Structures are given as structure tokens and as C-alpha cells.
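Comments concern the structure below.
The values are calculated or read from the model by the stated rules, or taken from the named source; none is laboratory data. The structure presented is a predicted model; accordingly, all values stated were derived computationally and were not measured. Quick reminder, even Gly has a Cβ in these numbers, built from the backbone with ideal geometry, and neighbours come from all protein chains shown. Ligands, DNA and RNA are excluded from the accessible area calculation, which covers all protein heavy atoms including side chains. Shrake-Rupley method; radii C 1.70, N 1.55, O 1.52, S 1.80 Å.
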Amino acid sequence: MKKNTLAAFLLSLSSLSAPAQVSFGKPEKINEGWRFMLSASHTAPAASEKLWRPVSLPHDWSVKAPLSPTLASCTGYLPGGTGWYHKEVIIPEARKGEKVYLYFEGVYNRSEVFFNGHLLGGRPNGYISFMYDATPYVAFGRENSIAVRVDHSRSADSRWYTGSGIYRDVWLVYANPVHIAQWGVYAVPQVATAKRGELSVEVALENESQKSAALTLVNVLLDPHGKIAAKSSSKVALAPAQKNGKVTAVLAVKNPLRWSPETPHLYTLKTTLLLDQKVVDETSTTTGFRSLQLDPNRGLALNGEWVKVKGVCLHHDAGVLGAAVPPEVWRRRLLTLKEIGCNAIRTSHNPQAPALYDLCDELGLLVIDESADEWEFPKRKWITGWNTGTPGFDGSFDFFEEWGARDLADMVRRDRNHPSIFAWSIVNEVDYPNDPYSHPVLDGKDASGFTQPIFGGYKPDAPNAERLGAIARRMVAEVKKYDRSRPVTAGLAGVAMSNRTDFPGALDIAGYNYTESRYAEDHKAYPQRVIFGSENGHSIDAWRAVADNEHIFGQFLWTGVDYLGESYPWPSRGFHSGLLDFGGFIKPRGYFRQSLWSAKPMAYVGAYPAPRSADRAPSMDAPPVWSYEPGQLVRVVCYTNAAKALLRLNGKPVGDPKDYDAQTGIIAWDVPFEAGTLEVTGLSETGEEVSRCAIRTSGRPHAIVVVAADTVISSSRRGVAQVTLQVVDEHSIPVMLSDDEITCRVAGNLSLLGMEASNNADMGSYTDNRQRAFYGRLLVYLQATGEEGRGEVEFSAPWLKKATLSIRCKP
């Protein structure tokens, strides 16, 4: 490249380029102007059909439907069905000669995409991003029709809530016939020491023209401050219709700022393709420098420091919003998890929206990216309540042989540039004993011949677990075609059974689900195996199994946030073992976890009726409520990372300070109830105050107050405001027992997305503008309509003083 051309290019680094999830061309988000209808038709309904209704994407039709006890508990008592989407787009005449693609970040599920009536293709997996070339069918200078059929008629096809529809972003991509390939930039740090960084860059190129192309590829690496850290320039020639061009480079950086959960420094790789000194394609890739080291005796080192992974498993829904979750909601949730002390997430049990990984890069959260919950045979899907009744067996198994490897490869290719991702998981709990695989070891015969069956014993008619090793090796090999820089794992549910197969040996690191009791035994039996907890309960013993064993590098709690589906018998919206509730608020067990995981001084106080036996262990789920009958014996608990705690009731000490109880992780008192203020103070070993928390007895509900709100949001990006309401008494004390029905009225440039109280047992309507508070609290989601200006919001309830809020929508 000539010096003046390179200089001009460097001066234009701020120009727009393809976002990482699309990775090439000139993408335009086309989320607005769609129409939707429920229809099982195999051909697109006529445009004149009256059942069409306008929608904006992302869109989840299931969560907008009424809950019903006649529907499956596994998917949250919400329906599936089959639906059609339709949109008209004008492709300008000026685009003639360019390629035109449609890129979908995710459609649940079994989708088919039509362009001007022509089938572009189908993708059964509802979590995988995919793209189609629409160029042969484009009418340039005219309206073009996009139709998408989504077949979720097998509604109980998952063990948790999936949602239905085009629930992620959609892009229209224009590209020069000579361009960077989809997900074609691969940037991975080869060296990441404090003094030197080396970024290996591989760029795949495609020439879809009928002419040969002499190209120049330029890579420019910008540091976290936007300054040029390194650059390269390479010549490459592509033959006509050549789709396998490749350019490699190594970009060296002195004293790189390294990525970690504590210091999530990010670099930006600008990749530009030039033909005859003119830019024909460009893209930006977020990357970072960080090193990983694994050792069977010491666990995981990040940037040379041995770490304990304090992780949570996350499903992809957000309560009332279903599967169509705006990035702002994930940002708030992830920041709250970090506040608790969390430093990692596992995408249970499927690839998630690109925005989630971007946030983990930015905020500093390690990620295990997981691909699937099912392989060649179906698992049980509970219909009338979790582990209750007769299960169903719909699922994704029927397309595994055709699509499994490709789905996994596409996940890796899409996500491999994220520095937050430190491991790939090829599957979750596919080895659960007798669901579906079995093995003679389940008969439980010992050396003397004594038999004590496990999980009902060996089922000769079930698929043999020996099959798992070969499939695992095939899937691991598929991952390593596209990324060899990270270890490959799986969530093993039946370790005792899987140890008799080749399954664990095919993995780089072995994830153990809930089997902490095997950590020491298997470390001795398999001394080269790197073991961690890939899914764990919330007990302090499960955490001690990590904290007290150097060779166990971490755990992932089930779960980080309450989620829809996998419900208990009606009434139950979902599974509620999260550290955060449906609305993303910290639950009592979240504060208990904070006391174990966070180094920042903290204290929490909660209470519940004292158990009959004073020896009963204190609970990690004590609500912050101080409203009982006069004189009633109440158990007060304190979750703290302080050495001891002092309890005061109405300013008077309740006995002497109590030492931290290392056995339970909880300090507890049994106290006769007296209305007023209950306060706990965390103390150091020498008696100095380090933390404090108080709860108060409230009067009757008096008013609704806004306790937190986003007051400025983006109009052009249709930003989302999250508003927290609290019912208070006349002295502004939160009324924790309030369940007042609150009505939301919106005017101006806002629309109501949903109202979430986080009550798992409330099976009423979530589609209107009214919702009962839970613990006196309610979260309201409001979205910009796309126009600049202000929106005015009013929150009211019978007999309560109303609250108002003004939100500015700016470009």
C-alpha cells in the first residue's frame, strides 16, 4: 500500500464498519416495520390478511400469551405455536452489483426464510445465528418481501422456557462481491505477558465476482485509549469465485494492558480490505490480551495468577420480557452479579445473544460458552411440574446428526474473538443416568457382588453410555478446527457412569454437575484431569469444596437469576433458585453469596419465624421483613464477611457481638418481636465497625415512590428505561408486605414493555398495564418509540399517593 493511501486510511479509523456479530459488509439493522400473525400455514399468508399485526423486533410471541395450567410446566405454562413474520424492504438501485444478505441473530425455532417468495433456507436450532444470500432474488430499486416462518408447534421441546419467534436482532447486509467472509476475522492472543503481547490475526476472504482480485489487507490494532498499538499490511490475490482466501499476521504490542475481570481492558482490531487502493470492505473486532493456564493440581491461572472462578449459570430470558431481552437489562443484571462477587457466567445451555458477550467483555466476566443440552436422543421434559408426572420427549435431538456439528462450529466461529470466553462447552448433562443413556455400572455391583442399583439400575433397552465418548471426540474436534486457544468442556451429570466411558477423557477440562463428593476421589483416580464445578447448589459446603481444594478452580451456581420454565406444579412461573429474582434484584441468598464471594465489607439482616427447634440451621433465604406479632419469637440472621456482628433492636444491643459461624456462614439470634428498627453492625476482629444494615417495621401503604430510574435513553436505538417502584408508608419506610396493584400510564415517546414484580406464584396477566407489587416492589420496563422528545409516566394504585416520572429520549 502506498504511504499516502495508508495515511488516509489511518485518519479514517473512526468511520463506520461492520459490527463484530455481522463481521463484514455494510449491515443495517431492520428491526422495525414487521408484521406478525399466528398461522400454521406452510405458505405465507396474503398481505391483505386481517390477522397481521405490527411488531418490532426482537419479538417473543409466547411471553405475550396468557399462562395456563393446561400448558407444559417445562416451558413455564406458556404456549408455542407456529407464526409468520413479514416485512417489505426497498433495495436501492444504487446497490446493484453488490451482494445482499439477511443475517439473523436467533429465531426460535425451526425457521424458514423466504425472499420475494423464494426459500433461502431453514435453520432448526433456535439459538444459532445464521445468514442467507438473497442476491439472486433481489429486485433493485423496488420493494422486496421478507417472510419468515417459525415453527414452535412442538412447544414442550425444552427443559426450560425458550420463547418463540424472531427474538434477536435482524440485519440486512450489503457487501462488495470481494469481501471479508462471515465471521472471517479470528484474533487470538498468542503471547500476553506484562511486557509483551502478540495478537495472531487470521482473516478469511471471499471473491464472489468473476474477476481475479489483487488485494491489500490492513490490520490496525487500537489500544483501550484509541491509540494505534500495532498494524500490518499484506498483499493477497484471489482467483475468480475463490471463497477460501486467507491472510495471517501477528501484531506485537509492548506492555499490553491485559484483560481480566478486575481490569477488562479491550483493544479494537480494524480490518480493512482494499482493491485498487479503494476500500471494498472493513470490520471492527473487539479483542484483548489475556493468558490461560490449566493445571490438574492448581486449577486455572489467568494472566499468570491462580484464580477461583465464582460463576453462575444463566438462562436467556428476563421474566416478563421473555426471550427478547434488551442489552440494558442484561447490563444491569451483570453489574448486580458482579456486585455480589460473581466473576463468571455459563451460558446455560445454549449460545446467547451477541450483546451478552459484548457486555461480559466490557464489564469483566469470564464466560463458558455452551452449545447444547441434547444430542442424539431426547431428554425428559416435565409437563405437569418439575420431576412430576409423565414427561414428554420433544426436543432438538431429531436434527442433531444433520446440524449438531455445524451448530457448534457456528457458535465457535461467531464468538471466538471475545476475550471473556475462556472455555467452550459442547453439551450439558447428556450423561444423566437413564435420561437417556444407561450403563451396567448403574446396577451398583461392588467387588463382592453386592448390588445396590443407582438411578433405578441399568436399563439394557436404553442407549448405551459408551456412545458418548465417540460423539464427544467428534464435537471436540469440531471446536478445535476453529479455535485451539481455549479448553473444551462439558457439564457431566453422571460422573460415576461417565467415568466408565471415554467421555471425560475427550475433554480438556471436566465439568462436574452437583457431584462435589467426587472431587477428591476422582483427583486421585485421574491425576491429569482438570476438574471444576460446572453446575452447583448454593450450600456453603459446595463452596468449601472449591475454596478448600486447590485443584478445583471454581463453581457455577444454579442459578444466577430466576428464570421462566422448569416450573413446579401450578402455580409456578419458573425456577427460583437464583441469586437475583426475575426483576434482577438481589435475593437474600444473593446477599449470603456476597458474604462468601465479595472482599468488599458487607452486612445483611433478615428475619423469619423462629423454628421449633433452636438447633435448626439458619436459612440463607431470610427476607428483609420486620413485621410480626408482638412478642413472637423471630429468628434474625446476618450474612456478613465481617469477623463478628452486633445486633441492635431499637438502638439497644441484643447481647454481646457474635462471632462469624464458619460452619453455616451465618450469624443468628432468636429474638422476641418488637416493632421498630432492627440493625446489624459488622465488626472487625478488634471490634471496629466495617459494615451496617437495618430493616424497619412499617405502617400501612401510603404512597408509591420511584427509587431508581433511567431518565435519559436513546431514541434512535429504542433504548430501554428500567424503573424501580416501592410502596412506602407515611414515613417513607418500605412496606414489604404490600401487594397493591399498580397501574402504569404512559404518554409521549415511550411504550410500556412490561411490569415485573418477581412473584413466582403470580399467574395472572402480564400483558396489560397493571401488576401487583411483591414485597412492596415493582420493576417497570419502558422503551423509546424511536422519536426524540420526552415521555411522561404515571404510577398509581387505589388509596395510594401516585408517582410520576419524566424520561428524555435523545438520539
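Values as computed for the structure displayed
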{"item": "Angle in degrees between helix 354-363 and the longest Cα principal axis of the chain, rounded to the nearest 10", "result": "60 degrees"}
{"item": "Local electrostatic count at residue 90 - Lys and Arg +1, Asp and Glu -1, tallied over other residues with Cβ under 9 Å", "result": "-1"}
{"item": "Cut-off 12 Å between beta-carbons: net charge of the residues surrounding residue 43, Lys and Arg +1, Asp and Glu -1", "result": "-1"}
{"item": "Accessible surface ranking that places the most exposed of 108, 591 first, with a 1.4 angstrom probe", "result": "591, 108"}
{"item": "Listed residues 51, 321 arranged by accessible area, highest first, probe 1.4 Å", "result": "51, 321"}
{"item": "Anchor residue 26: aspartates and glutamates whose Cα lies under 12 Å away (excluding residues fewer than 8 positions away in-chain)", "result": "98, 281, 282"}
{"item": "Residue pairs, from the table 308/480; 308/524; 29/50, whose Cα atoms sit over 30 Å apart", "result": "none"}
{"item": "The chain, relative contact order in percent, only Cα pairs under 8 angstrom and at least six apart counted", "result": "9 percent"}
{"item": "On Cα atoms only, tilt of 588-597 relative to the major axis of the chain in degrees", "result": "70 degrees"}
{"item": "Spatially proximal lysines relative to residue 801 (Cα-Cα < 29 Å; intrachain offsets below 8 disregarded)", "result": "587"}
{"item": "Solvent-accessible area of residue 677 with every protein chain in place, 1.4 Å probe, in Å² to the nearest 10", "result": "50 Å²"}
{"item": "Compactness index (Cα Rg / 2.2 N^0.38 Å), the range 63-179", "result": "1.24"}
{"item": "Accessible area, probe 1.4 Å, largest first, for residues 59, 42, 265", "result": "42, 265, 59"}
{"item": "Subset of 338/379; 381/481; 96/278 violating a 28 Å alpha-carbon distance limit", "result": "338/379; 381/481"}
{"item": "Theoretical ellipticity at 222 nm over the chain - DSSP helices of four or more residues, -39500 (n - 2.57) apiece, nearest 500", "result": "-3500 deg cm²/dmol"}
{"item": "In degrees, nearest ten, helix 327-340 long axis to first principal axis of the chain (Cα)", "result": "50 degrees"}
{"item": "DSSP bridge pairs, the chain: antiparallel proportion in percent, nearest 5", "result": "85 percent"}
{"item": "Probe 1.4 Å - accessible area at residue 410, Å² to nearest ten", "result": "20 Å²"}
